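Each remark here refers to the structure printed beneath this line.
The values are calculated or read from the model by the stated rules, or taken from the named source; none is laboratory data. Everything numeric in this text was worked out from a predicted model, so none of it was measured. Heads up, the Cβs are rebuilt from the backbone with ideal geometry, glycines too, and the neighbour counts pull from every protein chain shown.
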Amino acid sequence: MSEPLYTRDILRLAVSIPHQQRLSDPDGTADLRSRTCGSSVSADVTVDESGVLQSLGFAINACALGQASAAILGAQAIGKSSGEIEQTRSGLLAFLEGSAETPGDWPDMDKLSAARDHKGRHPAILLPYDAVIAAFADAATKQKAG
């Protein structure tokens, strides 16, 4: 019998998302929606002059897996660069697709293992990362223009 998709750990993470308030003056913003499942994530970021995340704000409308993923990201993202978050996303994708043995070294990433066999849920899990990466890109675009 396979492991339940919505484990107790996933549900605990889903109700513990940090940074669930939009920023009043972000450097960059992104609003993304998954075509697959309809989940949506809005992310606001402030970034220092060296490209490191200083503050993060989320608005999330997603399933428990997307919420759990956002909780993991939110707990670890401050102090990271866009490249570090992209690298973490790539590792998580490789894990979900079965080409990596572990999802990465951030705490609680292993809690997403129940979703490996549920390919239709992968976009919701990756959406918070995509939104933060897009918000970083928006900040970079604004910095170049300004």
Item checked: Options Ser24, Ser42; residue that is surrounded by 15 or more Cβ atoms within 10 Å (Cβ to Cβ), among the hydroxyl-bearing types (Ser, Thr, Tyr) and at pLDDT 95 or above -> Ser42
Notebook entry, point to check: For segment 87-140, what are the residues that are more than 13 Å from Ile72 (Cα to Cα) and polar (S, T, N, Q)?
Noted result: Gln87, Ser90, Ser99, Thr102, Ser113
Notebook entry, point to check: Can you name the strands (runs of 3 or more DSSP E) wholly within segment 11-109 that have at least 1 residues being of a type in the set (Asp, Glu)?
Noted result: 28-33, 40-47
Next item on the list: Give the number of residues within segment 73-100 that are aliphatic (A, V, I, L, M) and under 20 Å from Leu23 (Cβ atoms).
Entry: 5
Item checked: Thr102 being at pLDDT below 95, farther than 21 Å from Tyr6 by Cβ and of a type in the set (Ser, Thr, Tyr) -> yes
Checklist line | Residue list for segment 27-39, filter: surrounded by fewer than 17 Cβ atoms within 10 Å (Cβ to Cβ) and either of a type in the set (Lys, Arg) or touching a strand residue (DSSP E or B) at 6+ places or on another chain (Cβ under 8 Å) (or both) | finding: Asp31, Arg33, Arg35
